[in-house]
Amino acid sequence: MLKSKIAGIGMYVPANVVTNKDLEKLMDTNDEWIQERTGIQQRRYAHRTDETTTTMGVEAAKIAIERAGITAQDIDFIIFATLSPDYYFPGCGVLVQRALQMKEIGALDIRNQCSGFVYALSVADQFIKTSMYKNILVIGSEKHSFGLDYTTRGRNVSVIFGDGAGAVVLQPTANEQEGILSTHLHSDGESAEILAMFNPGTHANHWANKNYATFNKAEIGDMFLSHDMINNAEIYPFMDGPSVFKKAIIKFPEVIVEALSKNGYTTEDLQLLIPHQANLRISQFVQQKLKLTDNQVYNNIQQYGNTTAASVPIALCEAWENGKIKQGDLVCLAAFGSGFTWASALIKWA
Ligand code: ACO
């Protein structure tokens with residue numbers, strides 16, 4: 001049976017570096033608190049008008065496509081993972097198709113937040129294994145800086161996130177010993193509201209909080225996005241940090257061990273774990289629990305913050321560019337995030 005392999009990989013981060021000290025000027029926070037709780041020293045913020053989630057994804061894609069030794073016209077499917085799309089709809093996939101002047105290929109958008117890229121990789125893997133497509137472009141990209149609360153009220157969330165993009169080109173390989181060995185996808189919607197952005201949305205809270213029991217034409221605009229929502233900061237991401245932490249440190253190790261066991265490996269066989277860069281403390285906890293050495297875990301959240309769907313491909317690309325991944329290495333990608341959803345992919349690097 002065919003397997004899929006990563007034939008090309010690329011990343012793009014905006015030039016604008018925002019340090020913890022820069023954030024101190026906007027809200028009541030400090031470098032020590034941020035580093036101690038999250039490990040983050042700085043992050044990148046996209047240019048307000050010139051860089052979008054799509055444009056950053058396109059830049060990462062161009063590199064991945066070139067490294068795969070093909071052209072944009074050879075791509076036969078696009079999968080784009082993000083929680084910060086250019087538009088509410090349509091998704092970013094079609095904007096990539098347009099920007100790179102690709103053929104009229106399929107474009108799919110994935111909304112699985114922090115585990116979005118691993119989910120996207122898993123979907124692409126299935127299309128390659130069934131021979132439906134031969135060159136799939138998978139992108140994870142986020143422009144968080146556009147939608148965060150930069151007042152003290154929003155500091156527990158806003159200091160964590162950064163912008164950037166990563167992309168891979170997936171191709172088939174007939175060598176059963178290499179490529180993506182397996183992917184593992186999970187969800188538990190019980191805690192959907194613990195890490196979420198509620199508005200604009202069609203959820204029932206609009207009706208619970210206000211007197212929308214009867215249809216009133218004048219209030220239709222309010223239902224989607226009201227001044228109250230803006231004034232009460234209900235348009236920003238909400239996170240119950242401690243609850244996320246507790247669940248993440250259980251599910252990350254579980255899904256990593258699941259991928260290894262499924263393929264007859266143990267943690268000792270692993271050359272590199274690329275965890276979603278949620279928080280350095282979460283990665284360190286996972287490392288300790290699995291008894292992995294420093295050399296077996298790649299972290300770059302210190303430099304880029306948490307870039308959600310982009311964090312895994314950015315870390316993977318950087319690790320590869322730094323020579324930390326070589327042909328034949330066993331690499332595990334693992335992610336956990338809003339939903340909750342969590343996922344892993346075990347790869348024998350080709
Ligand atoms: N700067 C200074 N003080 C802050 C900040 C900040 N940026 N944010 C919160 N505080 C304050 C709070 O107001 C609170 O003050 P109080 O005690 O006077 O009320 C105090 O710090 C502790 O607040 P907590 O929210 O309890 O902070 P906690 O110690 O839990 O740390 C954190 C917050 C870092 C988010 C932690 O909960 C955590 O690591 N959670 C894991 C979730 C995570 O990392 N998510 C990343 C994104 S989701 C994902 O990718 C899966």
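A few points about this structure:
- Surface/4 of the Cα convex hull for the chain, nm²: 18.1
- Length added when fully stretched, S182-R37, from 0.36 nm per residue minus Cα-Cα: 48.9 nm
- Exceedance of the 18 Å cut-off in Cα-Cα distance is limited, within the set K25/K143; K134/K326; K326/K348; K3/K324; K129/K348, to K25/K143; K134/K326; K3/K324.
- Placing pseudo-labels 7 Å out from each Cα toward the beta carbon at E24 and Q327 gives an inter-label distance of 4.9 nm.
- Shape summary of segment 3-173, radius of gyration then Dmax from alpha carbon positions: 17.3, 54 Å.
- Among 34-44, 228-238, 301-311, 337-347, sorting by the average number of other beta carbon atoms lying within 10 angstrom of each residue, highest first, gives 301-311, 337-347, 34-44, 228-238.
- DSSP H segments from the chain that extend 18 Å or more along their own axis, Cα-based, with Kyte-Doolittle mean of -0.5 or above: 53-67, 116-129, 241-262
- Per residue, the chain exposes 45 Å² of solvent-accessible protein surface, assessed with a 1.4 angstrom probe and all protein chains in place.
- Rounded percent of accessible protein surface that carbon and sulfur make up, the chain, 1.4 Å probe: 51
- Only protein heavy atoms count here; on that basis, with a 1.4 Å probe, S84 has an accessible area of about 20 Å².
- Taking the DSSP bridge list for segment 3-173 and keeping only pairs wholly inside it, about 65 percent are antiparallel.
The values are calculated or read from the model by the stated rules, or taken from the named source; none is laboratory data. Computed from a predicted structure; not experimentally measured. Please note: Cβ atoms are built from the backbone with ideal geometry, for glycine as well, and neighbour counts cover all protein chains shown. Ligands, DNA and RNA are stripped out before the accessible areas are found, and what is left, the full protein with its side chains, is counted by its heavy atoms. Shrake-Rupley method; radii C 1.70, N 1.55, O 1.52, S 1.80 Å.
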